Amino acid sequence: MRLRLGKFAVPSLLFVAACAAPPIASDPGDPGDPGDPGTGPNPTSISVDQLATNLGVSIMAKDAHGAPRLIRAIVPRAGLQGATASAVARDHLAALAQLWVKGAPMDLVETSSQQLRNGATFVQLAQHVNGAIVDGGELRMLLHVDGSFAAVSGTLLPATTLPAFTSSPREALGHALDQQFGTTRPALAISEGGTAGDWQTLQVSSTPDLRVDEARARRVVATVDDQLTTAWEVEAAPHGAHPGIGDVAGSMVHVRLAQTLGQEHLHRPGQQLTGGVAEHLLDLPVGADDAALLVHDQDPFGG
């Protein structure tokens, strides 16, 4: 991936100011108060863009709240020598964290690392709160061949704590099926299987009217009305008799359940088993229609 920085002609403002007007002579009869130097501008007042420049990077895009969403290097920052790509990426983020947060950032967990054909490395990190992944909180970093910083996309969030989960993966899947097929759907027996990473696999009994071939759920932290809340992310492959809903063999219903009563948003379910897919390495995930249902963890299921 080649990143290009355009050329800018920056005139010397100091030279222009010096030529614009002659110096103003002071009144020799009023020496002033040498003990009052004046307040002057606040030396600590600096914008995030100025801070980025001081750190040798440029903010290329921001989110709706003005937080950096895409950052690239002006002067490549050297990477840790002899460290893994994940450790190098974490070190770069630690140095740039002040562009996003004032205190400690969230914990980061590596989700993937890929070396590109030109020798550069792409690292993807997920943000975690109390062991739960932050939905949509991935950071994707591109490293040069020598490990120096090239660019990063995503928004680093401040560290926080959230209430413990009060519902189970089985309840989350049952609620997701209710939303897809209605509360009058056939009753299905759901039991928990093994675990794979953050995911809890679920085994579901079948009926003539509704069959679930695959299902899994994991704890996540979702954003609802600009607030973080505990949530469940559910993926299932149901086959039902209801036309137009789950009647295509092999389709995967991808549902996010962030439980707040009255905060339910239903969009077209995604067709993939994996998480968000990026069109380009550092771009935002494609497929705006892949967003899914939001219902809070504290919302009573089955009511």
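All of the numbers you see were taken from the coordinates with simple rules; none came from a lab. Just so we're clear, the structure is a prediction, and the values are computed from it rather than from any experiment. Neighbour counts are summed over all protein chains in view; Cβ atoms, including those assigned to glycine, are modelled from backbone coordinates with ideal geometry.
General remarks:
- Lys, Arg +1 and Asp, Glu -1 on Cβ, resulting dipole of the range 48-153 about Cα centre, debye, nearest 20: 220 debye
- Among 184-190, 133-139, sorting by the average number of other beta carbon atoms lying within 10 angstrom of each residue, highest first, gives 133-139, 184-190.
- Summing +1 for each Lys or Arg and -1 for each Asp or Glu among the other residues whose beta-carbon sits under 13 angstrom from that of Ala83 gives -2.
- Candidates per trypsin sites (Lys or Arg not before Pro) in the range 104-194, loop by DSSP, up to 14 other Cβ within 10 Å: Arg117
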